[in-house]
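The values are calculated or read from the model by the stated rules, or taken from the named source; none is laboratory data. None of these values were measured; they are calculated from a predicted model. Note: ideal-geometry Cβ built from the backbone for every residue, glycine included; neighbour counts use all protein chains shown. Remember, those area values only see protein heavy atoms, side chains included, never the ligands or the DNA or RNA. Shrake-Rupley method; radii C 1.70, N 1.55, O 1.52, S 1.80 Å.
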Amino acid sequence: VLAVPVLFKQALENTEMEEGKSVSLRCELTKADATVVWKKGEATLQASAKYEMKQKGTLAELVIRNAEPEDA
């Protein structure tokens with residue numbers, strides 16, 4: 001059986017943020033409930049008070065709370 005790769009149906013877009021506010025980054029995949037890993041550079045982000053990861057079907061979202069310039 002040949003596995004079909006998961007692709008981005010809608011990729012992340014550049015988003016402007018206001019320092020101290022929350023920002024939401026979203027992407028859409030071609031396969032529902034595929035495993036999504038959010039990274040900043042080489043570092044994998046973990047769910048915390050700062051980062052919230054949500055996924056429903058083909059939509060994946062990362063919420064960054066209290067955004068800072070270092071979150072770019």
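When the GluC sites (Glu not before Pro) in region 10-51 are filtered for DSSP coil states and for at most 13 other beta-carbon atoms within 10 Å of their beta-carbon, the remaining sites are E13, E16, E18, E19, E42.
How high is the relative contact order of the chain, in percent, with contacts defined as C-alpha pairs under 8 Å that are six or more residues apart? All intermediate terms of the calculation are to be shown ahead of the outcome.
Numbers: 109 pairs, mean separation 25.5, N = 72.
Over the chain, the number comes to 35 percent.
Across the options L12, A32, Y51, the greatest Cα extent toward the positive end of the charge dipole of the chain (unit charges at beta carbon of Lys, Arg, Asp, Glu) belongs to A32. Counting lysine pairs in the chain whose alpha carbons fall under 25 angstrom apart, excluding pairs fewer than 8 residues apart on the same chain, gives 20. To put it simply, the accessible area of the chain at a 1.4 Å probe is 52 percent carbon and sulfur.
When the Cα gyration tensor is reduced to axis lengths a ≥ b ≥ c, the ratio a/c is 1.5 or higher for the chain, and with a/b above b/c it is classed as prolate. With a Förster radius of 30 Å, plug the Cβ-Cβ distance of A47 and L2 into 1/(1 + (r/R0)^6) and report the FRET value to the nearest 0.05. With R0 = 30 Å, the Cβ-Cβ based efficiency is 0.35. With a Förster radius of 30 Å, plug the Cβ-Cβ distance of E28 and E68 into 1/(1 + (r/R0)^6) and report the FRET value to the nearest 0.05. About 0.65, to the nearest 0.05.
Can you tell me the dipole magnitude for the chain around its Cα centre, using point charges on the Cβ only (Lys, Arg +1; Asp, Glu -1), in Debye to the nearest 20?
Roughly 380 debye, rounded to the nearest 20.
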